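The structure appears below as structure tokens.
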Amino acid sequence: MLSYFAPSALPRLLARTRAAGFPPRTRVYIGSYGVAEKLGAQIAEAGCRYAPMFELRPGWYWERRRVSRRDERDLLAASSSSVRLAGPLPSLPQLLRSTSAVRVRWGVELGARFRDELRAATRNGVEVASWQLDEILAEAAGPQGRAYRDLTRGTLRGLVFGRPVLGDRAQQGLVWWAHTAFTLPRRTITAELAAFWRILNRASLGLIGEEYPEFVGDPVVAARAMGAGQRALRRGGSVRQALARKYVAGLTPGYRLAAGLGGNTRGRSRQAVIRWREVYVRTRATSGPAGFAEFNFRYENSRAWVMHDVLGALRQVAR
């Protein structure tokens, strides 16, 4: 999974992906925030799979439902209560104070709004292979964790099932998982947590753990430490074990430094970064992730040589 880039950087990313020479059976998903039909066409033409990315936090999709008049009529004919969900979502603080049922209901609507965008692109001939959700937030494991998980659970349901009355079929996606929420699988199971894990498993084509290591110290030690989320899932019940088999190790190219993203924080040489990354990726590969993801090909990470180095490391483990 190659995620988050400026439209102007996509041709470089596709060129570097082609040049990397991945084995034919390798599935390469590419996508950034929002749905862009021109980008989708370029990605499909390059033989990769388009997976647009949506954000769980408040934004454009929270403002109102955006569907055609015909689709809106079909929704209202199927359920007269649909009109109550067509306007703005309550603010995030309001949702957090609401009941579980309210949070889940609005989450389902939010996820369905994401699918509205995918449906519109598909009707215009764009090949949409999957989607991404950013993310299972750190707050999902915090003091208000139940409230955040309710909203996330609803959003995942809306994303995976969409609006069947408008012809949507179930479609799984790639769900990003904040490193600070890796403690969740160790929680004692409850009815609410069981429901959360079930819909996450149903919705996930891949569960991307945001490992984001700093490129310092022993990469073998770092790789073993950063695999904690996957190991915790393996120690859980059958649903969490299924998620462990879908686990994707998430990294970042490392030259765009930002809080929580790790990377080349010590300003090491290009060759030192290449060696460190390659050992880390090989070590993680031995623990059986379903794949690897790279997040943030923006700014310093958008340079052709950075993409070359990243994709070279991933090519080695794909082979």
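The values are calculated or read from the model by the stated rules, or taken from the named source; none is laboratory data. All values reported here derive from a predicted model rather than from experimental measurement. Cβ sites come from the backbone with ideal geometry, for glycine too, and all protein chains shown count toward neighbours.
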For Ser68, which of the numbered conditions (1) within 23 Å of Leu251 (Cβ to Cβ); (2) out of contact with any Pro (no Cβ under 9 Å at 6 or more places or on another chain) fails to hold? (1)
Restricting the search to segment 16-36, which residues are touching a residue at least 24 places away in the same chain (Cβ under 8 Å) and farther than 30 Å from Leu92 by Cα? Arg16, Thr17, Arg18, Ala19, Ala20, Gly21, Phe22, Pro23, Thr26, Arg27, Val28, Tyr29
Scan (1) surrounded by fewer than 23 Cβ atoms within 10 Å (Cβ to Cβ); (2) among the hydroxyl-bearing types (Ser, Thr, Tyr); (3) within 28 Å of Thr188 (Cβ to Cβ) for the single condition Ser269 breaks and write down its number. (3)
Hand me the list of helices (runs of 4 or more DSSP H) wholly inside segment 202-245 holding 1 or more residues that are over 21 Å from the mean Cα position of the chain (by Cα) and buried (at least 21 other Cβ atoms within 10 Å of the Cβ). 219-226
Taking segment 6-26 and keeping only residues that are in a loop (DSSP other than H, G, I, E, B) and either over 13 Å from Leu311 (Cβ atoms) or more than 19 Å from the chain's Cα centre (by Cα) (or both), one is left with Ala6, Gly21, Phe22, Pro23, Pro24, Arg25
Just one of (1) part of a loop (DSSP other than H, G, I, E, B); (2) in contact with a helix residue (DSSP H, G or I) (Cβ under 8 Å, 6 or more places away or on another chain); (3) of a type outside the set (Asp, Glu) trips up Leu95, so point out which. (1)
Of the residues in segment 56-76, how many are crowded, with 17+ Cβ neighbours inside 10 Å and not in a helix (DSSP H, G or I)? 3
For segment 299-308, which residues satisfy the criterion of being within 13 Å of Leu13 (Cβ to Cβ) and either free of Cβ contacts under 8 Å to residues at least 24 places away in the same chain or not in a loop (DSSP other than H, G, I, E, B) (or both)? Asn301, Ser302, Ala304, Trp305, Val306, Met307, His308
Residues in segment 272-300 that are surrounded by 15 or more Cβ atoms within 10 Å (Cβ to Cβ), within 23 Å of the chain's Cα centre (by Cα) and more than 24 Å from Tyr247 (Cα to Cα): how many? 2
Sole residue being in a loop (DSSP other than H, G, I, E, B), touching a residue at least 40 places away in the same chain (Cβ under 8 Å) and farther than 28 Å from Leu193 by Cβ, chosen from Pro289, Pro253: Pro253
Taking interchain pairs and intrachain pairs at least six residues apart, which have beta carbon atoms under 6 angstrom, with the first residue in segment 185-200 and among the β-branched types (Val, Ile, Thr) and the second part of a helix (DSSP H, G or I)? Ile199/Arg153; Ile199/Leu156; Ile199/Arg157
I'd like the full set of residues that are more than 15 Å from Leu133 (Cβ to Cβ), assigned to a helix (DSSP H, G or I) and not polar (S, T, N, Q), limited to segment 157-192. Pro164, Val165, Leu166, His179, Leu184, Pro185, Arg186, Ala191, Glu192
Residue among Tyr33, Tyr50 that is of a type in the set (Phe, Trp, Tyr), buried (at least 17 other Cβ atoms within 10 Å of the Cβ) and modelled with pLDDT of 95 or more: Tyr50
Among (1) at positive phi; (2) out of contact with any Gly (no Cβ under 9 Å at 6 or more places or on another chain), there is one condition Trp305 misses while meeting the rest; what is its number? (1)
